[in-house]
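Heads up: the structure comes next, in structure tokens.
What follows is calculated from the coordinates using simple rules that are stated; it is not laboratory data. The structure displayed is predicted, hence computed values, not measured ones. All Cβ positions, glycine included, derive from the backbone under ideal geometry; neighbour counts span all protein chains shown.
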Amino acid sequence: MNPTLQQTPAEVNHVYETFQIIKDFENPIQIFREAFQNSYDEEAKEIYCRILVEPRLGGDDLFIDIWDNGLGLSEENVPFFFGLAKSTKVTSKMMPKNKIGYKGHGTKIFFNSERIEIFSKPEKDKAGWGYILLDPIKQIEETNEIYRYSERIEENNCSIKLPPDFDTGFYLRIKNPYLFKTQQERYMLNHLYLRDYSKWYTVFGNIKHLFDKQAPQVNLYLHGQNIDYFINNFRDIKTIDPPPTIVEKDNVQFEEIKMGHYFPLERTDDKSMKAYVKQIDSSKQYYDYYSRRIYRDRVFIENNISFNFIIFVEGYETKRRYDILLSRREKINIARNLQHTDGERYGLWACKGGVPIEKVDEWIIGGRGVGAYTYMHAFIDCDAFDLTANRGSVKNTDLQILNQVRNKVTEILNSRPIESALKEREYWESFEKTQRTIKGDSVELKERYKSSQKKNDITLPNGEKLTVPSLTKTGYSESETLILLINLLAFYPDLFKFKILDYNTTKGIDFVVEMGANPKYIELKGTFRKKINHSFRNIYKFICYDMPLAENDVIEDVEPLITRLRIKEDDTFESFDMPFNNKKYRSYALYPDSPGKLQSMEVIVLKEILSDVIGAKW
């Protein structure tokens with residue numbers, strides 16, 4: 001006998017759920033990913049995006065305007081646009097209609113803002129209409145009810161409209177999105193950053209065009225903040241590859257971005273790399289411009305699942321020709337918060353609908369770990385991947401499918417042709433490093449020699465010359481102070497009343513010296529500072545080249561124990577070398593604030609010894 005099942009209605013707090021989904025998109029830049037995808041799904045051929053900032057008393061207003069010539073939003077689908085989990089991109093059986101965004105969550109990122117305005121023209125030769133939604137977050141917080149949007153607004157009363165040459169289309173205006181409230185987030189609206197994001201993380205970065213010749217060709221026309229800087233500094237093949245296309249519409253400049261992720265032309269031998277260096281008039285080494293596609297195929301696995309897989313391998317400068325925000329060895333005139341590293345950007349990527357979703361270096365079984373594949377520019381595009389609600393990960397995919405894809409990818413990477421191609425890239429990478437080391441050593445040798453010619457000499461009474469240690473940002477060089485001391489003791493071995501037994505820069509103790517039958521510890525410094533990175537308890541003396549501190553200055557160690565500097569202008573120098581013994585000189589010593597815990601510690605300042613005791617000249 002079957003037990004009677006009690007039916008419990010599934011209750012959902014729609015207000016709370018809507019609020020949480022609106023707030024779920026932590027990265028404000030995802031606004032553009034969602035908007036571009038919606039336009040693409042509605043068969044637009046042209047998509048425009050403009051960032052506009054209008055000053056006002058006490059601040060400014062930020063507008064994100066995105067419009068297209070797609071099918072537009074039909075009137076009956078307006079509730080789907082404003083509603084939660086209501087999508088026109090699924091069948092009656094809740095299956096996606098070959099779309100990336102089908103959960104009905106994506107547009108909710110627009111709603112985390114002060115005002116949303118839409119204009120739609122779904123039918124040719126008929127007027128469009130609009131709707132306005134005012135501050136949905138505030139509405140929910142104040143009323144604890146779902147937000148309400150305006151009644152239909154006729155075209156003549158709409159503040160936004162499509163260009164006259166668009167037969168159909170959709171216009172979205174977002175006013176003051178809260179995630180872009182401060183300048184800390186607004187850097188993402190810089191044209192350099194926005195174009196990079198569009199070409200990598202949105203539908204315009206998809207890889208489908210490499211496998212499907214029938215894939216729709218759609219153009220994005222982008223106008224981010226500071227677009228003038230981009231146009232003025234990246235205008236031709238000498239600065240960027242491919243060079244940008246700039247178009248003007250209604251007196252506004254836009255960069256035309258074509259559909260599809262960019263992969264560089266192949267350059268695999270000396271001749272092609274050197275020809276490219278000549279073409280772009282580069283002073284960089286030719287071997288940094290290596291580029292090769294080593295795999296492109298449709299891969300079939302179990303359960304009728306397949307995926308597209310493409311692998312490029314690229315040299316250091318090749319990546320930086322098109323990826324202009326990639327950090328570099330040399331300093332570049334681009335704000336650091338706009339830049340990214342090779343490890344963040346390059347490696348193995350999982351895609352859905354051709355669009356890169358997340359980097360998955362860890363999928364490579366037995367691999368080197370995340371961020372280790374910076375020479376690889378590789379994408380796995382699988383329609384069986386299931387995305388998380390914010391479309392930032394493929395982790396909702398069935399684990400069996402993920403493992404099958406992962407195993408196949410590893411099998412391909414471990415195949416002989418791919419291993420051979422990767423080794424070729426590694427050879428060029430090794431060659432690059434070797435050549436760079438040779439060049440770097442040569443440059444350093446010239447710089448060091450040039451620097452040595454500018455150094456000051458110290459002339460001893462016997463006519464021999466010593467070299468003044470180099471002055472760096474943190475003070476005089478400690479290693480060169482050591483060289484000065486060793487050379488000085490070569491001429492005057494009995495100068496001090498101690499003998500150096502040992503010196504080791506890899507240990508905490510610099511000098512071990514002999515005083516009578518007892519070993520003592522002397523700490524070496526280039527320039528003496530107020531903070532000592534050792535304990536005073538074990539230090540017998542200090543030796544430094546320069547003393548910039550004054551009488552009664554406080555000097556602390558790591559504990560910290562406190563001492564004060566005492567300076568004696570007319571002290572008597574003690575030496576085993578009789579001509580120097582009892583000479584008058586300026587002496588320095590550290591005296592503890594708490595007597596009994598520490599002994600006083602002499603500070604031997606070589607500059608004073610050379611001048612007052614030995615009589616050297618600079």
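Of note:
- Ordering of 68-78, 34-44 by burial proxy (mean other Cβ atoms within 10 Å per residue, highest first): 34-44, 68-78
- A Förster distance of 60 Å, applied to the separation of the beta-carbon atoms of Leu399 and Leu57, puts the FRET efficiency at 0.60.
- Dipole magnitude (debye, nearest 20) for the range 270-433, charges at Cβ of Lys, Arg, Asp, Glu: 540 debye
- You can think of it this way: the chain between Glu185 and Glu142 has 12.8 nm of extra reach, that is 0.36 nm per residue less the Cα-Cα gap.
- Cut-off under 5 Å, modelled amide H: who pairs with Ala378 long-range: Phe312, Gly347, Trp349
- Check: the chain dipole with +1 on Lys, Arg Cβ and -1 on Asp, Glu Cβ, in debye: 1340 debye
- Over the range 459-614, the reciprocal of the mean inverse Cα-Cα separation, the Kirkwood hydrodynamic radius, stands at 16.2 Å.
- Entry for the range 270-433 at q = 0.14 Å⁻¹: log10 I(q)/I(0) = -0.79, Debye formula applied to identical alpha-carbon scatterers, no solvent contribution.
- With contacts taken as Cα pairs under 8 Å at a separation of at least 6 residues, the chain carries a relative contact order of 8 percent.
- Theoretical ellipticity at 222 nm over the chain - DSSP helices of four or more residues, -39500 (n - 2.57) apiece, nearest 500: -7500 deg cm²/dmol
- Going from the residue with the fewest nearby Cβ atoms within 10 Å to the one with the most, Arg56, Arg529, Arg267, Arg298 rank Arg56, Arg298, Arg529, Arg267.
- A viscosity of 0.890 mPa s and a temperature of 25 °C, combined with the Kirkwood radius over C-alpha pairs in the Stokes-Einstein formula, give the range 136-236 a diffusion coefficient of 138 µm²/s.
- Across the cross-link table entries Lys271/Lys439; Lys450/Lys473; Lys455/Lys525; Lys138/Lys352, which are compared at the Cα atoms, the separations over 29 Å belong to Lys138/Lys352.
- Against the chain, whose longest principal axis comes from its Cα atoms, helix 399-413 is set at around 60 degrees.
- Ordering of 496-503, 118-125, 210-217 by burial proxy (mean other Cβ atoms within 10 Å per residue, highest first): 118-125, 496-503, 210-217
- Couplings 3J(HN,Hα) of the range 59-69, computed from phi: x, 8, 10, 9, 10, 10, 10, 9, 9, 8, 10 Hz, in residue order, whole Hz [Karplus 6.51 cos²θ - 1.76 cosθ + 1.60, θ = phi - 60°; x for Gly and Pro].
- With Cα atoms, 0 to 90° folded angle of helix 191-201 axis to the chain main axis: 60 degrees
- Computed over every Cα-Cα pair of the range 355-505 and binned at 10 Å starting from 0, the pair-distance distribution P(r) comes out as 8, 21, 17, 12, 12, 14, 10, 5, 0 percent.
- The 3J(HN,Hα) values that the Karplus relation (6.51, -1.76, 1.60; θ = phi - 60°) gives for the range 293-301 are, in residue order, 8, 9, 7, 7, 6, 8, 10, 10, 10 Hz. Gly and Pro appear as x.
- Percent RCO, i.e. relative contact order, over the range 270-433, from Cα pairs under 8 Å lying at least 6 residues apart: 20 percent
- With 32 Å as the limit, the listed pairs Lys499/Lys568; Lys45/Lys108; Lys175/Lys238; Lys45/Lys126 have Lys175/Lys238 beyond it between alpha carbons.
- Using the Karplus relation 6.51 cos²θ - 1.76 cosθ + 1.60 with θ = phi - 60°, the per-residue 3J(HN,Hα) values for the range 41-54 come to 5, 8, 6, 5, 9, 10, 10, 10, 9, 9, 9, 10, 10, 10 Hz, with x marking Gly and Pro.
- Computed from label points 7 Å out along Cα-Cβ, the spacing between Phe491 and Glu514 is 2.6 nm.
- Spherically averaged projected area in nm², based on the convex hull that wraps the Cα atoms of the range 177-232: 5.0 nm²
- Scattering from the range 249-344 was approximated by placing one identical point on each alpha carbon and applying the Debye formula without solvent; log10 I(q)/I(0) at 0.12, 0.16, 0.17, 0.21 1/Å stands at -0.58, -0.88, -0.94, -1.14.
- Relative contact order for the range 459-614, counting Cα pairs under 8 Å that sit 6 or more residues apart, in percent: 18 percent
- Aspartates and glutamates with Cα under 20 Å of Lys531, excluding same-chain neighbours fewer than 8 positions away: Glu478, Asp510, Glu523, Asp546, Glu551, Asp553, Glu556, Asp557, Glu559, Asp593, Glu602
- Placing dummy labels 7 Å off each Cα toward the beta-carbon, the span from Glu248 to Ile418 is 4.9 nm.
- Taking each residue as 0.36 nm, the span from Asn157 to Lys331 lengthens on full extension beyond its C-alpha to C-alpha distance by 57.5 nm.
- Too-long pairs where the Cα-Cα distance tops 30 Å, listed order kept, from Lys454/Lys497; Lys213/Lys433; Lys331/Lys446; Lys278/Lys446; Lys249/Lys278: Lys454/Lys497; Lys213/Lys433; Lys249/Lys278
- Shape analysis of the range 215-267 based on the Cα gyration tensor places the equivalent ellipsoid semi-axes at 21, 17, 8 Å, largest first.
- Difference of contour (0.36 nm per residue) and Cα-Cα distance, Thr474 to Ile438: 10.1 nm
- Take the convex hull of the alpha carbons in the chain; its mean projected area over all directions comes to 46.3 nm².
- For the range 308-353, the equivalent ellipsoid derived from the alpha-carbon gyration tensor has semi-axes of 23, 13, 8 Å in decreasing order.
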